[in-house]
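Chemist: I have a structure here, written as structure tokens, and I will follow up with some questions on it.
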Amino acid sequence: MDLRFVAHDAQSLTVTAPLSPNINDKGCAFGGSLASILTLAGWGLVCLELQQRGLSAGVYVADSTIRYLAPVWSEITAVARLADGESFDGFAGMLAVRGRSRISVVCEVPLPDGKPAAVLIARFAAIDEARSRKAAG
């Protein structure tokens, strides 16, 4: 896939991948590559936020949906951001209290005109694995 992290701030994570290793038989981006790149962008956003807060937890995809809206004929760029109404503060607070938490993320592959070529909406779960193992005995 040749995925590269490009930019990260408190609101988003941007990753890119060249078209050539992610191409389908029609010459555009393979849907499986788009799904993987979008998922990794969302997962990376959540992991980086936990790391910046000094929190240790395993991050998992709880569920996701993807819509393919247009073919991608050039380098793939994916941008992940929190879904409306979500907060990393609330997410981290719940993780601290319960040892597990969930957060929804929206990831898009924009076209040159700014419209999305693909959109992934995913919920990621964070589990404090050390705390879970300790509780399991």
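Chemist: Within the set of pairs 6+ apart or on separate chains, which have a first residue in the stretch 64-75 that is without any contact (Cβ under 8 Å) to a residue 40 or more places away in the chain, a second that is open to solvent by 80 Å² or more (accessible area, probe 1.4 Å) and not in a loop (DSSP other than H, G, I, E, B), and C-beta atoms under 7 Å apart?
Modeler: Listed pairs, sorted by first residue: none to list.
Chemist: Looking at (1) crowded, with 17+ Cβ neighbours inside 10 Å; (2) under 22 Å from ASN24 (Cα atoms); (3) touching a Gly at 6+ places or on another chain (Cβ under 8 Å), can you tell me which one VAL105 breaks?
Modeler: Exception for VAL105: condition (2).
Chemist: Would you call ALA62 over 17 Å from ALA118 (Cβ atoms), of a type outside the set (Asp, Glu), in a strand (DSSP E or B) and under 15 Å from the mean Cα position of the chain (by Cα)?
Modeler: Considered against the rule, which asks whether it is over 17 Å from ALA118 (Cβ atoms), of a type outside the set (Asp, Glu), in a strand (DSSP E or B) and under 15 Å from the mean Cα position of the chain (by Cα), ALA62 comes out as yes.
Chemist: Right, next: Among the residues of the stretch 1-30, how many are over 29 Å from ARG100 (Cβ atoms), without any contact (Cβ under 8 Å) to a residue 60 or more places away in the chain and not hydrophobic (A, V, I, L, M, F, W, C)?
Modeler: Residues meeting the conditions: 10.
Yes/no matrix, rows are residues, columns are (1) open to solvent by less than 20 Å² (accessible area, probe 1.4 Å); (2) in a strand (DSSP E or B); (3) among the polar types (S, T, N, Q):
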| site | (1), (2), (3) |
| --- | --- |
| GLY27 | no, no, no |
| GLY54 | no, no, no |
| ASP84 | no, no, no |
| SER101 | yes, yes, yes |
| PHE124 | yes, yes, no |
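Chemist: Tally the residues that are at pLDDT below 95 and of a type outside the set (D, E, K, R), restricting the search to the stretch 6-20.
Modeler: 2
Chemist: Let me ask something additional. Scan the stretch 34-52 for residues that are over 17 Å from ALA117 (Cα atoms), open to solvent by less than 20 Å² (accessible area, probe 1.4 Å) and among the hydrophobic types (A, V, I, L, M, F, W, C) and jot them down.
Modeler: Correct list: LEU45, VAL46, LEU50.
Chemist: Could you list, in sequence order, the residues of the stretch 1-13 that are in a strand (DSSP E or B) and surrounded by fewer than 19 Cβ atoms within 10 Å (Cβ to Cβ)?
Modeler: Scanning the stretch 1-13 gives ARG4, PHE5, VAL6, ALA7, HIS8, SER12.
Chemist: Filter the stretch 95-125 down to the residues that are under 21 Å from SER64 (Cα atoms) and over 17 Å from the mean Cα position of the chain (by Cα) and list them by number.
Modeler: LEU95, ARG100, LYS115, listed by residue number.
The values are calculated or read from the model by the stated rules, or taken from the named source; none is laboratory data. Note that the structure is predicted; figures quoted are calculated from it, not measured. Cβ sites come from the backbone with ideal geometry, for glycine too, and all protein chains shown count toward neighbours. Ligands, DNA and RNA are excluded from the accessible area calculation, which covers all protein heavy atoms including side chains. Shrake-Rupley method; radii C 1.70, N 1.55, O 1.52, S 1.80 Å.
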